[in-house]
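Right, one structure below, let's go through it.
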Amino acid sequence: MTDELTPVAGPGEPEGLAGVLSKIARSLEPEPDVERTVEQIVAATALTVPGAEQAGISFVERGEMRSVAPSNDLVAKLDQWQHELREGPCVDAILDGPVYRTGDLVRDDRWPRFAERATRAGIRSMLCFRLFTSKTVIGALNLYSSVPGAFDAEAERVGELFAAHAAIALAGSRGLEQLQNALRTRDVIGMAKGILMQRHGVGPDRAFELLVQASQHANIKLRDAAEWLVNESSSGR
């Protein structure tokens with residue numbers, strides 16, 4: 001897989017939808033780093049689906065949803081708002097139906113609390129697809145636009161096919177396990193950094209350096225050092 005994705009011909013151009021999807025399918029060949037695979041899916045989606053400006057994935061683990069590889073900080077907030085409120089197109093795509101498309105969120109009364117936050121943040125259109133296989137629901141692929149009515153039936157058709165390829169790329173039990181472990185590691189390291197920042201009055205970069213130094217000194221993995229620190233802090237020792 002190349003490090004960068006380039007725009008491909010749209011469904012109405014000579015190469016056609018089949019050519020677009022064959023290129024995308026090859027670009028989603030799983031990498032050793034499953035987080036990189038997720039990042040590639042998000043980047044390719046924003047380049048491929050008509051009307052999409054930004055994208056992200058809501059990943060489901062043990063009934064909880066979290067934002068994975070958002071294309072920017074705003075997408076992370078939009079995903080998180082839906083998860084917290086249990087309201088929004090991505091939540092419904094995971095729990096109720098495979099596809100949800102909005103016209104203008106200002107006039108869409110299906111998700112009033114989320115729509116109010118999203119429109120204040122400048123988002124007017126969304127298109128969300130359930131990521132699933134015959135055995136499991138992985139999460140949702142979320143597309144965002146600042147333009148009202150940005151997504152049409154053609155965008156939905158392309159996005160559905162694209163989401164199917166993305167689900168396959170993430171569906172292997174080893175891949176899901178890797179992603180789950182990566183997310184847990186990121187969370188525990190983030191908590192450990194926060195503890196060090198508070199204790200020593202340092203910034204996030206210096207806190208990470210301290211954590212790395214501690215793991216090296218103790219000859220243990222970084223995640224294990226972070227878990228020890230978090231457990232030690234929670235026990236009040």
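Please work out the Kirkwood hydrodynamic radius for the range 62-101, using every pair of different C-alpha atoms, and report it in angstroms with one decimal place. All intermediate terms of the calculation are to be shown ahead of the outcome.
On the way: mean 1/r = 0.0950 Å⁻¹.
Its Kirkwood hydrodynamic radius stands at 10.5 Å.
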Problem - Efficiency of FRET between residue 231 and residue 136 - r from beta-carbon atoms, R0 35 angstrom, step 0.05 - result: 0.70
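With all protein chains present and a 1.4 Å probe, how do 117, 110 order by accessible area, largest first? List each step's numbers first, then the result.
Details: 117 80, 110 115 Å².
Sorted by accessible area, descending: 110, 117.
The values are calculated or read from the model by the stated rules, or taken from the named source; none is laboratory data. Please read these numbers as outputs of a predicted model, since none were measured by experiment. Cβ atoms come from the backbone with ideal geometry, glycine included; neighbour counts cover every protein chain shown. Surface areas here come from the heavy atoms of the whole protein model, side chains and all, with no ligands, DNA or RNA. Shrake-Rupley method; radii C 1.70, N 1.55, O 1.52, S 1.80 Å.
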